[in-house]
Amino acid sequence: MEEPYTMESDCLFCKISHGQTPTEILFENDTLVVFKDINPHAPVLLLFVPRKHIRSVNDLTDEDQGILSELIVAAKKMAKEHGVAKSGYKLIFNVERGGGQVIFHLHLHLIGGWH
Ligand code: AMP
Ligand code: ZN
(Lines give C-alpha, C1' and ligand atoms only; values in the text may rest on other atoms or scores of the structure.)
(Ligands and ions follow the chains in the order given, each with its own letter.)
Protein backbone atom coordinates (compact mmCIF):
# COMPACT_ATOMS: atom_id res chain seq x y z
CA MET A 1 0.00 0.00 0.00
CA GLU A 2 1.30 3.44 -0.85
CA GLU A 3 1.86 5.73 2.13
CA PRO A 4 -0.32 8.85 1.81
CA TYR A 5 1.94 10.86 4.11
CA THR A 6 5.60 11.60 3.56
CA MET A 7 8.00 11.34 6.48
CA GLU A 8 10.13 14.19 7.70
CA SER A 9 13.71 13.01 8.11
CA ASP A 10 14.95 12.86 11.71
CA CYS A 11 11.45 13.16 13.17
CA LEU A 12 10.90 10.62 15.96
CA PHE A 13 7.10 10.71 15.75
CA CYS A 14 7.21 10.25 11.94
CA LYS A 15 9.30 7.14 12.57
CA ILE A 16 6.95 5.83 15.27
CA SER A 17 3.78 6.59 13.27
CA HIS A 18 5.21 4.86 10.19
CA GLY A 19 6.14 1.72 12.12
CA GLN A 20 9.88 2.29 11.99
CA THR A 21 10.56 1.86 15.71
CA PRO A 22 9.72 -1.01 18.09
CA THR A 23 7.21 1.20 19.96
CA GLU A 24 4.10 -0.66 21.14
CA ILE A 25 1.11 0.84 19.34
CA LEU A 26 -2.11 0.71 21.39
CA PHE A 27 -4.41 1.86 18.59
CA GLU A 28 -3.93 2.89 14.97
CA ASN A 29 -5.90 3.74 11.87
CA ASP A 30 -5.13 5.45 8.57
CA THR A 31 -4.87 8.84 10.25
CA LEU A 32 -3.18 8.36 13.61
CA VAL A 33 -1.36 6.15 16.10
CA VAL A 34 -1.62 5.96 19.90
CA PHE A 35 1.17 4.87 22.24
CA LYS A 36 2.29 5.29 25.85
CA ASP A 37 4.49 8.21 26.76
CA ILE A 38 8.01 6.95 27.51
CA ASN A 39 8.24 9.18 30.58
CA PRO A 40 4.88 8.92 32.33
CA HIS A 41 4.39 11.49 35.10
CA ALA A 42 0.78 10.36 35.59
CA PRO A 43 -0.83 6.90 35.95
CA VAL A 44 -2.23 7.21 32.41
CA LEU A 45 -0.26 9.17 29.83
CA LEU A 46 -0.97 8.43 26.19
CA LEU A 47 0.11 10.24 23.05
CA PHE A 48 -2.11 10.65 19.97
CA VAL A 49 0.00 11.27 16.90
CA PRO A 50 -1.18 11.93 13.34
CA ARG A 51 0.72 10.05 10.63
CA LYS A 52 0.94 13.34 8.75
CA HIS A 53 3.90 15.45 9.79
CA ILE A 54 2.51 18.71 11.15
CA ARG A 55 4.98 20.67 13.27
CA SER A 56 2.58 22.13 15.85
CA VAL A 57 -0.90 23.58 16.32
CA ASN A 58 0.47 26.75 14.70
CA ASP A 59 0.91 24.83 11.44
CA LEU A 60 -2.59 23.36 11.19
CA THR A 61 -4.47 24.20 8.00
CA ASP A 62 -8.16 23.98 7.13
CA GLU A 63 -7.58 20.60 5.51
CA ASP A 64 -6.26 19.23 8.84
CA GLN A 65 -9.57 19.70 10.64
CA GLY A 66 -10.49 16.03 10.09
CA ILE A 67 -7.19 14.92 11.62
CA LEU A 68 -7.75 17.12 14.63
CA SER A 69 -11.22 15.79 15.34
CA GLU A 70 -10.02 12.21 14.88
CA LEU A 71 -7.33 12.81 17.51
CA ILE A 72 -9.93 13.98 20.01
CA VAL A 73 -12.42 11.21 19.25
CA ALA A 74 -9.64 8.60 19.59
CA ALA A 75 -8.64 10.18 22.92
CA LYS A 76 -12.21 9.94 24.17
CA LYS A 77 -12.30 6.23 23.30
CA MET A 78 -8.91 5.47 24.86
CA ALA A 79 -9.89 7.37 28.01
CA LYS A 80 -12.80 4.98 28.40
CA GLU A 81 -10.63 1.94 27.65
CA HIS A 82 -8.08 3.02 30.25
CA GLY A 83 -10.72 3.63 32.89
CA VAL A 84 -10.33 7.38 33.25
CA ALA A 85 -13.41 8.60 31.36
CA LYS A 86 -15.50 9.02 34.50
CA SER A 87 -12.78 10.23 36.84
CA GLY A 88 -11.59 12.72 34.24
CA TYR A 89 -8.43 13.61 32.36
CA LYS A 90 -6.58 16.39 30.58
CA LEU A 91 -6.08 16.69 26.81
CA ILE A 92 -3.10 18.88 26.08
CA PHE A 93 -1.27 20.22 23.04
CA ASN A 94 2.04 21.83 23.95
CA VAL A 95 2.74 24.49 21.33
CA GLU A 96 6.34 25.44 20.49
CA ARG A 97 9.16 25.76 23.01
CA GLY A 98 7.45 28.28 25.26
CA GLY A 99 4.49 25.91 25.50
CA GLY A 100 6.70 23.00 26.53
CA GLN A 101 6.84 21.27 23.14
CA VAL A 102 10.05 19.28 22.67
CA ILE A 103 9.02 17.00 19.80
CA PHE A 104 8.02 19.09 16.81
CA HIS A 105 5.47 16.72 15.34
CA LEU A 106 1.94 17.51 16.47
CA HIS A 107 0.64 15.29 19.29
CA LEU A 108 -2.14 15.29 21.85
CA HIS A 109 -1.38 14.19 25.43
CA LEU A 110 -4.07 12.32 27.38
CA ILE A 111 -3.20 12.61 31.07
CA GLY A 112 -5.14 11.18 33.99
CA GLY A 113 -5.66 8.37 36.43
CA TRP A 114 -5.01 10.13 39.74
CA HIS A 115 -8.51 9.57 41.17
P1 AMP B 1 6.03 17.53 24.12
O2 AMP B 1 6.77 18.07 25.29
O3 AMP B 1 4.62 18.04 24.04
O4 AMP B 1 6.78 17.69 22.82
O5 AMP B 1 5.85 15.98 24.39
C6 AMP B 1 6.72 15.00 23.92
C7 AMP B 1 6.44 13.76 24.73
O8 AMP B 1 6.98 12.65 24.04
C9 AMP B 1 7.08 13.78 26.11
O10 AMP B 1 6.06 13.61 27.09
C11 AMP B 1 8.06 12.60 26.08
O12 AMP B 1 8.13 11.92 27.30
C13 AMP B 1 7.48 11.74 24.98
N14 AMP B 1 8.43 10.88 24.29
C15 AMP B 1 9.67 11.21 23.86
N16 AMP B 1 10.23 10.17 23.21
C17 AMP B 1 9.33 9.16 23.23
C18 AMP B 1 9.31 7.81 22.74
N19 AMP B 1 10.34 7.28 22.09
N20 AMP B 1 8.21 7.07 22.97
C21 AMP B 1 7.16 7.57 23.64
N22 AMP B 1 7.10 8.83 24.12
C23 AMP B 1 8.17 9.62 23.93
ZN1 ZN C 1 7.12 14.04 11.96
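The values are calculated or read from the model by the stated rules, or taken from the named source; none is laboratory data. As the structure is a prediction and not an experimental result, all values here were calculated from the model. Note: ideal-geometry Cβ built from the backbone for every residue, glycine included; neighbour counts use all protein chains shown. Calculation scope for accessible area: heavy atoms of the full protein, side chains included, ligands and nucleic acids excluded. Shrake-Rupley method; radii C 1.70, N 1.55, O 1.52, S 1.80 Å.
Tabulated data for the structure shown
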item: Alpha carbon convex hull of the chain, projected area averaged over orientations, nm²; result: 7.5 nm²
item: Mean residue ellipticity (222 nm) of the chain, computed from DSSP H runs ≥ 4 via -39,500 (n - 2.57), nearest 500; result: -6000 deg cm²/dmol
item: Partner lysines for Lys76 [C-alpha distance under 20 Å; skip if fewer than 8 residues away on the same chain]; result: Lys36, Lys86, Lys90
item: Aspartates and glutamates whose Cα lies under 16 Å from that of Lys52, excluding same-chain neighbours fewer than 8 positions away; result: Glu2, Glu3, Glu8, Asp10, Glu28, Asp30, Asp62, Glu63, Asp64, Glu70
item: Nearest-0.05 FRET efficiency for Ala85 and Asp30, computed from C-beta distance (R0 22 Å); result: 0.35
item: Cα gyration tensor shape for segment 27-84, rounded if a/c is under 1.5, else prolate or oblate; result: prolate
item: Heavy atoms of Ile25: accessible area, 1.4 Å probe, square angstrom to 10; result: 50 Å²
item: Overall form of segment 59-115 per C-alpha gyration tensor (a/c, 1.5; a/b vs b/c); result: oblate
